[in-house]
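The structure appears right after this line, and notes come after that.
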Amino acid sequence: MCVTYTYTLATNPRAECTLRWRALGDGTLEGTLHYDPVPGLSEMPEFGVMFQMDADFDRLQWYGLGEAETYADRKKGAKLGIFETTAQASMAKYLVPQECGNRADTRWARVTDENGRGLALWAPKPFNVSLLPYTPHELENAMHPFELPEVHYSVVRLSLAQMGVGGDDTWGARTHPEFLLPADQPLEFTFFLKGL
C-alpha cells in the first residue's frame, strides 16, 4: 500500500516536496521524500522529515558519529560507533536556546522508552538524526532556557543532509560552499521506520 503527500514550501518562488509512504509486509514503513529544483531559490538549511512521539520515547541509540553532536562541517574529531543519549541530554547548554543535537553519518538509530519500546530507523545511505524535547519553533521563541515550555513530546528529525554550521570565527563567518545544501538540484531521501 502506498500513500503520497505533496507539501508546498513557504518559499518565493514556490516549491514543493512529495513524501511517499509505503507499507511493507513485515510492518516496516518506507518513506521517500522527493524535491525537484526550482530556479531562484537560495540554499536549503536541511532536507528531511520531522515528527513527534510521546515524551516517554526519550532515548536515542545510534550507530554513526559521536558521541557529541556532529554536523557536515563539524565532524572531523568524531568517532564511528554505537552511542546513546536522551532527548534532554541532547540539548546543548547555549545561553540562548537553539537547534542542536544533530548526529551525522548515522547508519541506524533507535528511539525508545525506558522499556526498549519505540522505533527502529535506518536508510540505505548514511543520514542525520536528532532527538530533542522541543520543536524548532519552541527553540526559536525562547531567549533563555527557563522560557522553554514544559516537555510534552520528543521531536525526531531524520535528514539526508543539513547545511554546515559555519562560524569559523566569532564574527559570523558564513558556511563554506562545500557544506551548503543547494536548492537547484533534485534531492531524494529514502528511509525506513519499524516498531520495536
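Among the lysines, select those whose C-alpha is under 22 Å from the C-alpha of K75, and discard any that sit fewer than 8 residues away in the same chain.
The reachable lysines, counting only those whose Cα sits under 22 Å from K75, are K93, K125.
Considering all alpha-carbon pairs of segment 32-71, what whole percent are spaced by more than 14 angstrom?
71
What percent of all Cα-Cα pairs in segment 1-89 falls into each 5 Å bin, going from 0 up to the bin containing the maximum distance?
3, 9, 14, 13, 17, 18, 16, 8, 1
Whose amide H sits under 5 Å from the amide H of E46, counting only residues 5 or more places off or on another chain, with H placed in the peptide plane?
Here M163 satisfy the definition.
If you place +1 on the Cβ of every Lys and Arg, -1 on the Cβ of every Asp and Glu, and leave all else neutral, what size is the dipole of segment 30-159 about its Cα centre, to the nearest 20 Debye?
Approximately 620 debye in magnitude.
Taking the Cβ of each residue in C2, C100 as the centre, tally the other Cβ atoms inside 10 Å and list the residues starting with the fewest.
So the residues, fewest neighbours to most, are C2, C100.
Using helices alone, what [θ] at 222 nm do you get for the chain, with -39,500 (n - 2.57) per DSSP H run of 4 or more residues, divided over all residues and rounded to the nearest 500?
Dividing the helical sum by the residues of the chain leaves -500 deg cm²/dmol.
What whole number of Å gives the distance from the Cα centroid of segment 126-177 to the Cα centroid of segment 56-116?
Taking the Cα centre of each part, segment 56-116 and segment 126-177 sit 12 Å apart.
Over the chain, what is the relative contact order in percent, taking alpha-carbon pairs closer than 8 angstrom and at least six residues apart?
Dividing the mean separation by the residue count of the chain yields 28 percent.
State the dimensionless ratio Rg/Rh of segment 79-196 (Rg: radius of gyration of Cα atoms; Rh: Kirkwood radius).
0.98
If each residue of separation counts as 0.36 nm, what is the full-extension length gain between F51 and W21 once their alpha-carbon separation is subtracted?
9.4 nm
Provide the per-residue ³J(HN,Hα) series for segment 102-119, in order, calculated from phi with Karplus coefficients 6.51, -1.76, 1.60 and θ = phi - 60°, each as a whole number of Hz, with x at glycine and proline positions.
5, 10, 8, 6, 7, 9, 8, 8, 9, 10, 9, 8, 5, 9, x, 7, x, 10
Coordinate-derived values only; no laboratory data. It should be emphasised that the depicted structure is a prediction, and the values quoted were computed from it without experimental measurement. We place every Cβ from the backbone using ideal geometry, glycine too, and count neighbours over all the protein chains shown.
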